[in-house]
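The structure appears right after this line, and notes come after that.
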Amino acid sequence: MNPLINADLHCHSTVSDGTLEPEALAARAKANGVELWSLTDHDELGGQARAMAAAHAVGLPYLTGVEVSVTFAGTTVHIVGLGMDPENADLKDGLRTTRGGREQRAREMADGLAQVGIKGAFEGALRYVGNPDLISRSHFARHLVDSGVCKDVPEVFRKYLTEGKPGFVPHRWAALGEAVRWITGAGGVAVIAHPGRYKFTPTEEYALFTEFCQHGGRGVEVVTGAHSQAEYATYADFCREFGLAA
């Protein structure tokens, strides 16, 4: 018996910043040989019931999931929660608070873009999400590409929406401890998402892992499209050192 399974435990739908409905994602996962799946929309649980029903309909084992936005050392970090109760009141309230600042931030981003001649960006980005509570830079990026301002998403982030560029607006997300407590309090497992993306100094990165463990975090994304082969090894070593699941 092969002890390995093909799991996809980090996936976004149109409920947050993905491009496919939860039902379409379940079908895609099944068709591509996924044996354990989780929908982990940003700061939002609204797709969980749909994802679970769609997964079960095609015989695909399912874990509830969410990806919580956190501010750590002045950087946005993502903490994935797996296997938690999506009806837990503290988790739902915490995510509602986290989402609350997105619309104001998005309007400020649009104002910054307008100052360099890109008008109507808020309304353009909103077409891709429908709910101002969930609007994000990804929706602005899709608008800027589809409207011809940029040729692709990497160009958007080279020219706009990142620190020092037009349209960048920082956001104060949840604290690391809050996010981990919301997840674990709802019976779930907290996981550091794609740590290689954060570009921390070695000291900052070590502090992230140390504090994460102190709050009850239990896992790390090691193999992900955001990591290089070398980073697979780096974060596997972190898991061994800190006693975390990979």
Evaluate the distance, in nm, between pseudo-label points positioned 7 Å from the Cα of His56 and of Ala24 along their respective Cα→Cβ axes.
2.4
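Mind checking region 47-126 for GluC sites (Glu not before Pro) that DSSP puts in a loop (not H, G, I, E or B) and that have at most 13 other Cβ atoms within 10 Å?
Glu87
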Of the accessible area of the chain, computed with a 1.4 Å probe and all protein chains kept, carbon and sulfur make up a percent value of 52
Accessible area per residue for the chain in Å², computed with a 1.4 Å probe and the full protein assembly in place, what is it?
48
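Taking every DSSP beta bridge that has both residues in the chain, what percent is antiparallel when rounded to the nearest 5?
Working: 12 of 21 bridges.
About 55 percent, rounded to the nearest 5.
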Please give the calculated 222 nm ellipticity per residue for the chain, where each DSSP H segment of at least 4 residues contributes -39500 (n - 2.57) and the sum is spread over every residue; nearest 500 deg cm²/dmol?
-12500 deg cm²/dmol
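What ranking of Ile135, Ile5 comes out by heavy-atom accessible area, probe 1.4 Å, highest first? Intermediate values should be presented prior to the final figure.
Details: Ile135 5, Ile5 105 Å².
The most accessible residue leads, giving Ile5, Ile135.
For region 135-217, rounded, prolate or oblate, judged on the Cα gyration tensor with a ≥ b ≥ c (square roots of eigenvalues), a/c < 1.5 rounded, else prolate if a/b > b/c? Intermediate values should be presented prior to the final figure.
Values: a/c = 2.91, a/b = 2.02, b/c = 1.44.
Verdict is prolate for region 135-217.
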Backbone N under 14 Å from the Arg158 label point (7 Å along Cα→Cβ), restricted to region 220-239:
none
Given a 1.4 Å probe and the protein chains all in place, what does the accessible area of Asp93 round to, in Å² to the nearest 10?
80
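If you take the beta carbon distance between Ala246 and Lys119 as r and set R0 to 35 Å, what does 1/(1 + (r/R0)^6) give as a FRET efficiency, to the nearest 0.05?
So the FRET efficiency works out to roughly 0.15.
So for the chain, averaging the separation of alpha carbon pairs under 8 Å that are six or more residues apart and normalising by length, what relative contact order in percent results? Kindly include the intermediate steps, with their values, before the conclusion.
Working: 424 pairs, mean separation 40.8, N = 246.
It comes to 17 percent, rounded to a whole number.
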Cα gyration tensor category, rounded, prolate or oblate, for region 1-136 with a/c compared to 1.5
prolate
Please list the radius of gyration and Dmax for the chain, considering alpha-carbon atoms only, with Å as the unit.
18.1, 60
Under a crude label model (7 Å from the Cα following the beta-carbon direction), how far is Lys151 from Glu204 in nanometres?
3.1
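Once a ≥ b ≥ c are taken as the square roots of the eigenvalues of the Cα gyration tensor of region 4-43, is the result rounded (a/c under 1.5), prolate (a/b larger than b/c) or oblate (a/b not larger than b/c)? List each step's numbers first, then the result.
On the way: a/c = 3.35, a/b = 1.58, b/c = 2.12.
Taking the square roots of the gyration eigenvalues as a ≥ b ≥ c, region 4-43 is oblate.
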Say a paramagnetic label sat at a point 7 Å from the Cα of Gln214, along Cα to Cβ; which residues of region 171-205 have their backbone N under 13 Å from it?
176-178
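The values are calculated or read from the model by the stated rules, or taken from the named source; none is laboratory data. Everything numeric here is computed off the predicted structure, so don't read it as measured data. Positions of Cβ are generated from backbone atoms using ideal geometry, with glycine treated the same way; all protein chains shown enter the neighbour counts. Side chains are part of the model used for accessible areas, which takes the heavy atoms of the whole protein and leaves out ligands, DNA and RNA. Shrake-Rupley method; radii C 1.70, N 1.55, O 1.52, S 1.80 Å.
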